[in-house]
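Below: the structure, in structure tokens.
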């Protein structure tokens, strides 16, 4: 199976759904109310696309909300490094989402 950037983005969306409780900060309301589409308004995870060719790793970062606003920060509960290839990043994200789901199931 060839892994695409869209596959990785779908896993990041799942991470945002499942791991929202891990994000620090609240909705950033200090902004102009007409900016409803402001990407930094709510805290969320974002994917930094890497490139094995240029030596850049795939990483996950936190952004938005009152804690990060428009900046990027390291996730508090896990390492930001996902791997040097799309396959490594895909597997790391899959395991991360599965681990969060399992933790939530145990908690209930």
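The values are calculated or read from the model by the stated rules, or taken from the named source; none is laboratory data. Since this is a predicted model, take the numbers as computed values, not measurements. When we count neighbours, we look across all protein chains shown, and the Cβ atoms used for this are built from the backbone with ideal geometry, even at glycine.
Some values worked out for this structure:
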{"read-out": "Residue 70 being out of contact with any strand residue (DSSP E or B) (no Cβ under 6 Å at 6 or more places or on another chain), part of a strand (DSSP E or B) and modelled with pLDDT under 80", "value": "yes"}
{"read-out": "Search result, residues across the stretch 81-102 that are free of Cβ contacts under 8 Å to residues at least 24 places away in the same chain, closer than 27 Å to residue 26 by Cβ and either touching a helix residue (DSSP H, G or I) at 6+ places or on another chain (Cβ under 7 Å) or surrounded by 13 or more Cβ atoms within 10 Å (Cβ to Cβ) (or both)", "value": "99"}
{"read-out": "Residues being surrounded by 18 or more Cβ atoms within 10 Å (Cβ to Cβ) and either modelled with pLDDT of 80 or more or under 17 Å from residue 92 (Cβ atoms) (or both) - total across the stretch 15-45", "value": "6"}
{"read-out": "Single residue of the stretch 47-67 satisfying the filter (buried (at least 16 other Cβ atoms within 10 Å of the Cβ) and touching a helix residue (DSSP H, G or I) at 6+ places or on another chain (Cβ under 8 Å)) that is modelled with the lowest pLDDT", "value": "50"}
{"read-out": "Selection within the stretch 73-93 - touching a strand residue (DSSP E or B) at 6+ places or on another chain (Cβ under 9 Å), modelled with pLDDT of 90 or more and not in a loop (DSSP other than H, G, I, E, B)", "value": "81, 82, 83, 86, 88, 89, 90, 91, 92, 93"}
